[in-house]
Every structure is written in structure tokens, then in C-alpha cells.
1. Under 5 Å between amide hydrogens, which residues at least 5 positions from Ala178 or on another chain qualify, with H placed 1.01 Å from N in the peptide plane?
2. For region 109-194, evaluate the Debye formula with one uniform point scatterer on each Cα (no solvent term) and list log10 I(q)/I(0) at q = 0.13, 0.16 Å⁻¹, rounded to two decimals.
3. Could you state the number of Å between the C-alpha centres of region 102-179 and region 49-87?
4. So, with a 1.4 angstrom probe, what is the percent of accessible area on region 40-150 that is carbon and sulfur?
5. Run the numbers on region 58-122 and let me know its relative contact order in percent, using alpha-carbon pairs under 8 Å that are six or more apart.
6. In Å, the Kirkwood hydrodynamic radius of region 42-168 over pairs of distinct alpha carbons?
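The values are calculated or read from the model by the stated rules, or taken from the named source; none is laboratory data. Keep in mind that this is a model prediction, so the values were computed, not measured. The area values use the complete protein model at the heavy-atom level, side chains included, leaving out ligands, DNA and RNA. Shrake-Rupley method; radii C 1.70, N 1.55, O 1.52, S 1.80 Å.
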Amino acid sequence: MFAYVTSRKGYRAGGLNAPKFAGGLVPYQEFDPTANDPAQGSINVNVGDTRIQGAEMELLFMPSADLTLSASATYQDTKTTKYNVPPVLSGFFPANEVPFFYAPQKTATLGARYMLPVEQALGYMVLNANFYFSDKVDMIQYQAASYKITNLRADSLSIMGSSVDVGLFVNNVFDEEAVVAPGVLSSTAPVGTAIYNPPRMWGMEVQYRFGVN
């Protein structure tokens, strides 16, 4: 059994504000005599404090020498403990909490590996199955839905005592469609784009191990 507890405290740097803002935005600029291009302007402001806490779990169970079962899960809870937006910028921060992007609250993985009882002279036959779940994910101007992915694989290793391995696989068995990363997601862009996971894919892999008897 393995367990651990960790605690950290830090901050995220605000970066460089440019160009030279005028009027009520003057307190939020960082002076740079070479940067005065409004087209490249952005405002970085530290508006609060946050707390992140959660738990991770990983299990491995071997009911027999041929069968291995595994499971893992994560849970993450985020909370804004301090939120203070300057009045001049309130129109750009309509929410009442600091958002957390690109991190699902819950994930889970299940796996199974079974070695078929065949004659050793024929090699080794191994079956693998794994399942992955991701909770919904907040992205800038977009929320990606939760999704589930199942993969299957069968391997014949050291066929007839040789150095040849052959594997057959099917990834994304149920052809699940999911957004896994942002593309262009901005309120100022005319369109939004996102990156999707690969569709169902099946194939065969052949491997030869040189210098191995």
C-alpha cells in the first residue's frame, strides 16, 4: 500500500501588459518604450486566490498469474477563495470566480490483461482491454462534454519460439467522438475550432526483435 499527502502554494505570473494603456487602464500597464501597438494589446491581471484539492487512486489486482486487473481514478476540486476585479475591468470578468481551464474534475481508467494458457513452444498469447473516462472540461468560451474511450488489443509474442511478435488492435471501439483540446476558442474570433480524438481505428503491428533468441 502506498499513500501520500502534499501541499503547495504558488502564484501565476501576470506577464507583460502592452501597449501603453491610457485613462483608467494606466495602473495596469507595464512600461515598455518599444511596445505601443494597440493591435497587440492584452491585459493580464491577478484577480484572486484559488484552492485546489483532490484525490488520486490506483489499484492493481492479480487474481491469478495470468490475469491482471487495474483501476485508477482522480478527483479535483477547485475553489476561489478571494476574488477582486478592478471596477474598470469588471465588464471583462463577468463571473464571480477564477476559472480553471483544460482540467476535468473526474477521470477514471480500467484495464484488464490476460495471458492465454497455450503451449510455451507456440509463444505467448496476451489479451488487453482498457477503458478511459473523462469528465467535462471547461475551455475558453467552450465546455467540452464528457467522453468514454474503449481500446482492445491481442498480441502473439515470440511466435513458435521466434523473435516475431504480431499484434491486432482496435482503438476507440465504439467510435466515440470527443473534443480533447482547444483550437481557436475566443470571443473575438469569427469562428471557433477544437481538436477531436481519433475515430475508431483498427490495425496490425508486426515486430521483429534483432539479436534476441
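1. Asn197
2. Calculated log10 I(q)/I(0) at the listed q: -0.61, -0.74.
3. 21 Å
4. 55 percent
5. Relative CO of region 58-122 lands at 45 percent.
6. Working: mean 1/r = 0.0532 Å⁻¹.
Hydrodynamic radius (Kirkwood, Cα pairs) of region 42-168 is 18.8 Å.
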